[in-house]
1. Among 44, 92, what is the fewest-to-most ranking by other Cβ atoms within 10 Å?
2. In Å and on Cα atoms, what radius of gyration and Dmax does the range 8-57 show?
3. Test of understanding: ordering 23, 7 by Cβ neighbours within 10 Å, fewest first, what list do you get?
4. Taking 0.36 nm per residue of sequence separation and subtracting the Cα-Cα distance, how much length would be gained by fully extending the chain between residue 41 and residue 8, in nm to one decimal?
Ligand SMILES: [Zn+2]
């Protein structure tokens, strides 16, 4: 029969380390992935890759382009204030129905 006293200190330390890796590993990997995704959505990364010719130059969304034209009527969302294309039926940010 195996008693707790039969487990050597080395084996106990080994088991605690394995448990720590098993518990903390996924958390560390998750935050690493989160950090990587935050870095990837950074516009400066896209701009620097586009400058090197690695990535395609980002194209502005139609609404960003239309927002700079003064003769296009505004179609702002009443709920969140996002500007939408003139004939949009729903907000591109919050999906609220537009008038
Ligand atoms: Zn909205």
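Every read-out reported here was derived from the displayed coordinates using simple, explicitly stated rules and does not represent laboratory data. Note that this is a predicted model, so its numbers are computed, not measured. Please note: Cβ atoms are built from the backbone with ideal geometry, for glycine as well, and neighbour counts cover all protein chains shown.
1. So the ranking, lowest neighbour count to highest, is 44, 92.
2. Gyration radius and largest Cα-Cα distance of the range 8-57: 19.7, 61 Å.
3. Arranged by neighbour count, lowest to highest, 23, 7 become 23, 7.
4. Taking 0.36 nm per residue and subtracting the Cα distance, the gain is 6.9 nm.
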